[in-house]
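Input: a single structure, listed below in structure tokens.
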Amino acid sequence: MPEAPRISWTERGQPHDARWRSERGAPPPSKVVVADDRMTADDAYGLACQGVGLLWRGDFHNARQMLTALAHRVDRPPGKRAKPVPAVNRAPAELFNLERQARAQRARTLGMLLVPIEGDYGIPLRRAPDLREACTEAWGAADGEVSVVSLRELQGVVGAHEWRRNGIELPAQRMRIHPRYGVFSPVRSEYVDLVAKQPLPKALATASVAFDVGTGTGVLAAVLARRGIRRVIATDLDERALACARDNVQRLGLAAQVEVVRADLFPEGRAALVVCNPPWLPARPSSPLEHGIYDPESRMLKAFLAGLPAHLERGGEGWLILSDLAEHLGLRTREQLLADIAAAGLEVVGRSDARPSHARATDAADPLHAARKSEVTSIWRLASRVAAPSPSG
């Protein structure tokens with residue numbers, strides 16, 4: 001494992017350093033000043049915009065209020081002199097890239113408000129809550145090393161802890177899924193409902209085995225098992241995802257049907273049904289936490305399509321779950337997707353669509369509203385056009 005990055009600062013004339021924690025891969029600020037309740041929000045905002053880290057030594061609740069104040073300043077409309085080019089004059093791909101840049105800059109600025117963490121994950125600030133359990137879930141057992149983390153990332157740790165404890169209710173499936181920190185959560189339930197409603201391949205009658213490729217929380221593996229498939233093999237490469245999927249399978253009483261294994265896409269052998277929900281946008285993730293959203297150059301999508309024929313039983317189907325948001329953003333065309341399907345020796349035997357119901361789909365203030373309101377999530381049912389070679393070659 002590479003050595004963890006360090007952050008350094010001077011406090012009361014003495015040099016200090018600590019481990020730097022950033023799950024989004026942000027580098028530690030090169031300059032750090034000590035801040036407390038006496039610092040004004042305007043002064044804090046000016047320093048944060050310059051990339052100066054603000055190591056908080058005041059009241060914890062006041063630190064949260066400071067973060068809110070910084071967010072208000074980041075999000076306020078530009079001054080009267082600013083004349084942004086109307087969105088109608090920009091290509092969708094350009095709007096997408098500008099929106100990503102704006103979000104990245106926002107994250108950098110708000111990430112400058114820092115909180116110290118003791119070696120047992122305690123927070124040495126007045127009125128600080130006990131977040132040891134949440135930190136342990138996200139970072140593993142405490143090792144006695146002092147560290148520093150942005151307050152914004154710490155809030156993400158707390159939010160993930162609440163999701164893990166309370167779970168996400170999927171009413172149509174009568175199940176509750178408990179995500180973990182760093183694992184993509186099934187907040188877009190329309191694709192889960194699509195998997196639950198599709199007619200199962202006839203090949204399952206003689207070979208009741210399904211693969212869930214890139215399982216994440218294990219939600220799709222659970223849906224398949226509940227539909228009566230006797231054996232479901234769920235794969236992932238991420239250790240957090242594997243632990244999360246195993247936990248959910250156990251909670252739902254499906255451990256006898258679902259096996260969670262570490263694999264790069266496919267497990268060994270063949271299945272009558274292979275399901276994959278790859279990241280939907282062909283763009284480079286800016287942090288490890290974005291790998292569930294962005295698939296650089298559609299690598300996972302193309303690898304799944306290319307490998308699918310060798311892992312399908314005769315008469316079996318592959319279910320590709322994909323949003324067409326990338327098409328509306330100009331990041332991928334429908335023709336490119338169909339060409340990749342054909343190049344893999346596959347044919348489309350059916351498709352089912354669903355409109356998203358999340359709040360951003362109807363938010364007219366969203367810079368990407370035109371694309372989001374047209375988005376459709378689909379299951380592409382794929383079958384081999386020719387007899388598939390063996391998985392070994």
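The values are calculated or read from the model by the stated rules, or taken from the named source; none is laboratory data. Nothing here was measured: the structure is a model prediction, and the numbers come from that model. Cβ atoms come from the backbone with ideal geometry, glycine included; neighbour counts cover every protein chain shown.
What to note about this one:
- Exactly one residue out of 241, 272 is assigned by TED's automatic domain parsing to the domain that holds residue 184 and under 30 Å from residue 21 (Cβ atoms), and it is 241.
- If you go through the stretch 227-271 and pick out every residue that is farther than 21 Å from residue 316 by Cβ and acidic (Asp, Glu), you end up with 4.
- Hey, residue 357 in the same structural domain as residue 200 (by TED's automatic domain parsing), in a strand (DSSP E or B) and of a type in the set (S, T, N, Q) or not: no
- Unique residue being aliphatic (A, V, I, L, M), surrounded by 18 or more Cβ atoms within 10 Å (Cβ to Cβ) and closer than 17 Å to residue 243 by Cα when the list is 223, 219: 219
- Evaluation of residue 253 against (1) more than 18 Å from residue 291 (Cα to Cα); (2) touching a residue at least 12 places away in the same chain (Cβ under 8 Å); (3) not in a strand (DSSP E or B) (one fails), failing number: (2)
- The stretch 8-19 residues that are among the basic types (Lys, Arg), paired with ones that are part of a strand (DSSP E or B) (beta carbon under 6 Å, 6 or more apart): 19/147
- Residue in the stretch 275-291 that is on the phi > 0 side of the Ramachandran plot and more than 18 Å from the chain's Cα centre (by Cα) present: no
- The stretch 46-75: number of residues that are closer than 10 Å to residue 112 by Cα and surrounded by fewer than 16 Cβ atoms within 10 Å (Cβ to Cβ): 3
- In the stretch 162-172, the condition of being at pLDDT below 95, surrounded by 18 or more Cβ atoms within 10 Å (Cβ to Cβ) and aliphatic (A, V, I, L, M) is met by at least one residue.
- Residue in the stretch 282-289 that is in the same structural domain as residue 182 (by TED's automatic domain parsing), in a loop (DSSP other than H, G, I, E, B), in contact (Cβ under 8 Å) with a residue 24 or more places away in the chain and closer than 25 Å to residue 315 by Cα present: no
- Helices (runs of 4 or more DSSP H) wholly inside the stretch 124-228 containing at least 2 residues that are closer than 24 Å to residue 377 by Cα: 189-197, 219-226
- Test: residue 281 is within 26 Å of residue 371 (Cα to Cα), modelled with pLDDT of 95 or more, out of contact with any Gly (no Cβ under 6 Å at 6 or more places or on another chain) and not acidic (Asp, Glu): no
- Pick from the stretch 75-120, criterion within 30 Å of residue 16 (Cα to Cα) and part of a helix (DSSP H, G or I), ranking: modelled with the lowest pLDDT: 104
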